[in-house]
């Protein structure tokens, strides 16, 4: 089971939050789940059921930028969940009315919760993504909404190259294929060895430097379009792209990095 939510919050105090503050929102979501199912909360903490969170997001403020909130101001958090136990526990935790969530030093009232993925059903099962992907014939457009980075053999890779985004290589950390398999996805016919037959058609990305766990990370933000060589490649590319909207892509996803949106590509960006 896969789930992507946008949780809308109203501040009950005043506080500033550093850029890349996904660590605080991730801890807040874990506490919510713990109140409903402590066992699942421990499994999420141990990464058996991945949960990705953005930092606090505010209108007209770029993702991973510093956010200052005052009493009554409205913000939101985007959450992606992989794994039925964690999805069920989070939905149950968010169901009571009048819910208040502490994030850092102040509390926030939950105003409403909405599903946040439009390109496919939500919530959904990973098998449904593969069926959906089989109907897609267009190139794929990926918007890297927050800073994204990959790691290969200890080096940060800050470009949306297909080998990193869709990679399954042993030395590549952050690629989608390994996460797809960890979530119970079937083997994808589009892969030959460690490479998917997808290529980048065009991209408009700029490099940024962000901090995760107080360590600098070279990353990028922007848009890329990908096309595939064969029908198998096309299905695999779309399956992994749709999956990325729930799982995130790249490193430090629980810290607000690697959140994407996917849609049909077109000429120009």
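The values are calculated or read from the model by the stated rules, or taken from the named source; none is laboratory data. Everything numeric in this text was worked out from a predicted model, so none of it was measured. No Cβ is skipped: glycine too gets one built from the backbone with ideal geometry, and neighbour counts run over all protein chains shown.
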Boolean, residue 13 is modelled with pLDDT of 85 or more, touching a strand residue (DSSP E or B) at 6+ places or on another chain (Cβ under 6 Å) and not in a loop (DSSP other than H, G, I, E, B): no
For residue 196, only one of the following conditions fails: (1) out of contact with any strand residue (DSSP E or B) (no Cβ under 6 Å at 6 or more places or on another chain); (2) crowded, with 19+ Cβ neighbours inside 10 Å; (3) at pLDDT 85 or above. What is its number? (3)
Pull up the stretch 87-104, narrow it to residues that are touching a strand residue (DSSP E or B) at 6+ places or on another chain (Cβ under 7 Å) and modelled with pLDDT of 90 or more, then point me to the one that is surrounded by the fewest Cβ atoms within 10 Å (Cβ to Cβ). 100
Have a look at 211, 226 and point out the one that is modelled with pLDDT under 80, outside the structural domain of residue 62 (by TED's automatic domain parsing) and either assigned to a strand (DSSP E or B) or under 24 Å from residue 52 (Cβ atoms) (or both). 211
Does the stretch 105-146 hold any residues that are in a strand (DSSP E or B), modelled with pLDDT of 90 or more, closer than 30 Å to residue 199 by Cβ and out of contact with any helix residue (DSSP H, G or I) (no Cβ under 7 Å at 6 or more places or on another chain), and which are they? 141
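Considering only the stretch 49-77, state which residues are assigned to a strand (DSSP E or B) and in contact with a helix residue (DSSP H, G or I) (Cβ under 9 Å, 6 or more places away or on another chain).
Taking the stretch 49-77 as the starting set, the residues that turn out to be assigned to a strand (DSSP E or B) are 51-53, 57, 67-69, 74-77.
Passing the criteria: 51, 52, 53, 77.
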Test result for residue 257, in contact with a strand residue (DSSP E or B) (Cβ under 7 Å, 6 or more places away or on another chain) and assigned to a helix (DSSP H, G or I): no
